[in-house]
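Enquirer: Let me give you the structure first, and then I'll get to my questions.
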Ligand SMILES: Cc1cc2nc3c(=O)[nH]c(=O)nc-3n(C[C@H](O)[C@H](O)[C@H](O)COP(=O)(O)OP(=O)(O)OC[C@H]3O[C@@H](n4cnc5c(N)ncnc54)[C@H](O)[C@@H]3O)c2cc1C
């Protein structure tokens, strides 16, 4: 078999890059071995403001300008709904919190999203003595549905192998490369945290940030916005809510843990006072980078090999714009954004 590209990994990064290939009529095959779960378990939230510090998310506007039409085009392609837009309500913990919100809401890049007024509306079961700050421009991509839909689509087109990509079988040729019985011009590696097994890119400074979530059923809770305190409570419909997420910098497994569940339940007590049952728990590893910027670019020696990784905590917003940037770089020689280029770690 002869193809233009081999893609390793079909999470948010792989999917966004494959869409570039399809748009440009390039041929490709994908390898996916279900070793990582990040894109399947993600909250899928996009939000232009960092709600811990009330500062803008890096390049948020540019990213959303590419990402929202990207997901909308996938909705049309598959006749499915992936994107749910909603308001986010940040629970204030103190008067100081309210003042910080008020000051931030006046700043450029934030004023279009942050409502300067403090809301004191009451919601059954929600504890918010100091009220809420309201944020526009946020929403959620149902990443599990999107990734599964995309994998099914590639499967029907016979363009995905559900098997582990075996790095030892890559042979670099003068022009292009071979992998078992496949000849290709390039490989783009999109393995998330799995890149640490990749001999070509394993030196990249990926740091594991394991995250856990629970899904709860709370029949008396009736909110249609994302509630944000030290965790988020995300409405899924039918009184189901996703609650998350934890951060664990040591555990390298994607298994849900009792510690994760206890942490989420403890934090939930501080913001919710309604009965609920936990219906499921999930976990995954966010591929984060020490300087909190993605990892994109070509291998320093083998130009046929490229990487698209380091999406960190914001894969939904970042993946589409990065995939575009990498594709233009590989095919048309356009410069990569130096902030994301892996050359910064040479
Ligand atoms: C609990 C949690 C909550 C999150 N919430 C949000 C959120 O609300 N909003 C947001 O934007 N982001 C969120 N994220 C982050 C987001 O999930 C990531 O940024 C994104 O999913 C990373 O996508 P990826 O494609 O780079 O990696 P992955 O999703 O890890 O995909 C990599 C794929 O490569 C495959 N693979 C790896 N090695 C091989 C191999 N050798 N052969 C074949 N296949 C291979 C893996 O099986 C996997 O499917 C969250 C993450 C977690 C864990």
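Derivation of every value follows stated rules applied to the coordinates shown; laboratory data play no part. Values in this document were obtained by computation on a predicted structure and should not be read as measured data. Cβ sites come from the backbone with ideal geometry, for glycine too, and all protein chains shown count toward neighbours.
Enquirer: For the chain, give me the percentage of DSSP beta bridges that are antiparallel, rounded to the nearest 5 percent.
Expert: Counting DSSP beta bridges with both partners in the chain, the antiparallel share is about 75 percent.
Enquirer: Then there is this: Using alpha carbon centroids, what distance separates the stretch 300-346 and the stretch 242-291, in Å?
Expert: Centre-to-centre (Cα) distance: 30 Å.
Enquirer: Please compute the alpha carbon radius of gyration of the stretch 142-245, then divide it by the globular-protein estimate 2.2 N^0.38 Å. Two decimals is fine.
Expert: 1.58
Enquirer: Additional query: Could you give me the percent of Cα pairs per 5 Å distance bin for the stretch 82-145, shortest bin first, beginning at zero and ending with the bin that holds the maximum distance?
Expert: 4, 17, 23, 20, 17, 11, 6, 1
Enquirer: Tell me the angle of helix 12-23 to the major Cα principal axis of the chain, expressed in degrees between 0 and 90 and rounded to the nearest ten.
Expert: Approximately 50 degrees, to the nearest ten.
Enquirer: On alpha-carbon atoms, Rg over Rh for the stretch 110-189 using Kirkwood Rh?
Expert: Reported Rg/Rh, Kirkwood definition of Rh: 1.34.
Enquirer: How much length is gained if the chain between residue 239 and residue 120 is pulled fully straight, taking 0.36 nm per residue apart and subtracting their Cα-Cα distance, in nm to one decimal?
Expert: 40.6 nm
Enquirer: Take the eigenvalues of the Cα gyration tensor for the chain, scale each by 5, and report the square roots as semi-axes in whole Å, largest first.
Expert: So the equivalent ellipsoid measures 37, 21, 18 Å along its semi-axes.
Enquirer: Any idea what the alpha-carbon Rg over 2.2 N^0.38 Å comes to for the stretch 1-120?
Expert: 1.41
Enquirer: Which distance in nm do the two modelled labels at residue 328 and residue 93 give, with both placed 7 Å along the Cα-to-Cβ direction?
Expert: Spacing of the two 7 Å Cα→Cβ label points: 4.0 nm.
Enquirer: Under 20 °C and 1.002 mPa s, how fast does the stretch 219-346 diffuse according to Stokes-Einstein, given a Kirkwood radius computed over C-alpha pairs? Answer in µm²/s, whole number.
Expert: Here the translational diffusion coefficient equals 122 µm²/s.
Enquirer: Can you report the principal axis dimensions of the stretch 217-275 using only the alpha carbons, biggest first, rounded to whole angstrom?
Expert: Cα extents, longest axis first: 36, 21, 18 Å.
Enquirer: Sticking with this structure for a sec: What 222 nm value per residue comes from the helices of the chain, counting each DSSP H run with n ≥ 4 as -39,500 (n - 2.57) and dividing by all residues, nearest 500 deg cm²/dmol?
Expert: One gets -8000 deg cm²/dmol as the mean residue ellipticity at 222 nm.
Enquirer: Checking a compactness column here: for the stretch 186-228, what do you get for Rg(Cα) / (2.2 N^0.38 Å), N being the number of residues?
Expert: Normalised by 2.2 N^0.38 Å, the Cα Rg of the stretch 186-228 equals 2.02.
Enquirer: Here's something else I'd like to know. Using only Cα atoms and rounding to the nearest 10 degrees, what angle (0 to 90) does helix 60-78 make with the longest principal axis of the chain?
Expert: Relative to the chain, helix 60-78 is tipped by roughly 70 degrees.
Enquirer: Okay, next question. Can you work out D for the stretch 207-246 in µm² s⁻¹ from Stokes-Einstein, where Rh is the Kirkwood radius over C-alpha pairs, the temperature is 10 °C and the viscosity is 1.306 mPa s?
Expert: Stokes-Einstein gives a translational diffusion coefficient of 148 µm²/s.
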